[in-house]
Amino acid sequence: MKFAWAEGSKISLDPGSAGPELLRLKRKRHGAELKRRHVLEAARVESSPLHPQFKWDDAEAAELYRLEQAGYLLRSILVVNEATNEATHLFAHVTASTVDGYMTTAEVVSDEEMRQAALGEILAQIDGLLRRKSELKVALLPIQRAVAKVRQKELAAT
């Protein structure tokens, strides 16, 4: 069996040693689900092939976790239109020539470059999701068609 990391992953481990180790941990569960805490516990052992992927310096790990919490906060806050009670995300992540971070959604939709960049990021996320769930290809076909229409519409607008 051959292993590889998903496109865009930032994992430095050799997938040829991480994959078998993760399968070993799953087999050890005797049919039960493998949870993140099981992987973490196994990775604590310095000889584990998974060990180098983790930040073992508690101060550094805490800072990284707090940055994840900050991102979760930014991704989760909604603004509610009091007249319609419609909720939209307050912030959107944008990577463009002048921006690499979170901007208000209102700023993003009012600036063509940021809007195109944000839409590109969303479409890339959808593409990744569709690739990861390829075993559901037939069920996902309507979504793939809708995404293709959005792409065509955006290409026609530029």
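None of the figures in this text is laboratory data; all of them are computed from the coordinates on show. Since the model is a prediction, treat every value here as computed from it, not as a measurement. So basically every Cβ, Gly included, is an ideal-geometry build from the backbone, and we count neighbours across all protein chains shown.
Numerical summary
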{"read-out": "Peptides ranked, highest mean first, by Cβ atoms within 10 Å: ranges 22-35, 75-88", "value": "22-35, 75-88"}
{"read-out": "For the chain, projected area of the alpha-carbon convex hull averaged over all directions, nm²", "value": "14.0 nm²"}
{"read-out": "In nm, spacing of pseudo-spin labels at Glu63 and Glu135 (7 Å Cα→C-beta vector)", "value": "4.0 nm"}
{"read-out": "Global form of region 31-73, assessed from the alpha-carbon gyration tensor, a/c cut-off 1.5", "value": "oblate"}
{"read-out": "Förster radius 41 Å - calculated FRET efficiency between Ala106 and Leu13 (Cβ-Cβ, nearest 0.05)", "value": "0.50"}
{"read-out": "Residue among Leu13, Gln69, Thr95 farthest towards the positive dipole end of the chain, charges placed on Cβ", "value": "Leu13"}
{"read-out": "C-alpha center-to-center spacing [region 1-50, region 106-158] in angstrom", "value": "31 Å"}
{"read-out": "Three-way shape call for region 1-55 based on the alpha-carbon gyration tensor, with the a/c threshold at 1.5", "value": "oblate"}
{"read-out": "Dipole-positive endmost among Trp56, Ser110, Val138 within the chain (Cβ charges, Cα centre)", "value": "Val138"}
{"read-out": "Length added when fully stretched, Ala70-Ala6, from 0.36 nm per residue minus Cα-Cα", "value": "20.6 nm"}
{"read-out": "Segment Ser47-Lys149, extension gain: residue separation times 0.36 nm, minus the distance between their alpha carbons", "value": "31.7 nm"}
{"read-out": "About the Cα centre, charge dipole magnitude for the chain (Lys/Arg +1, Asp/Glu -1 at Cβ), debye", "value": "1200 debye"}
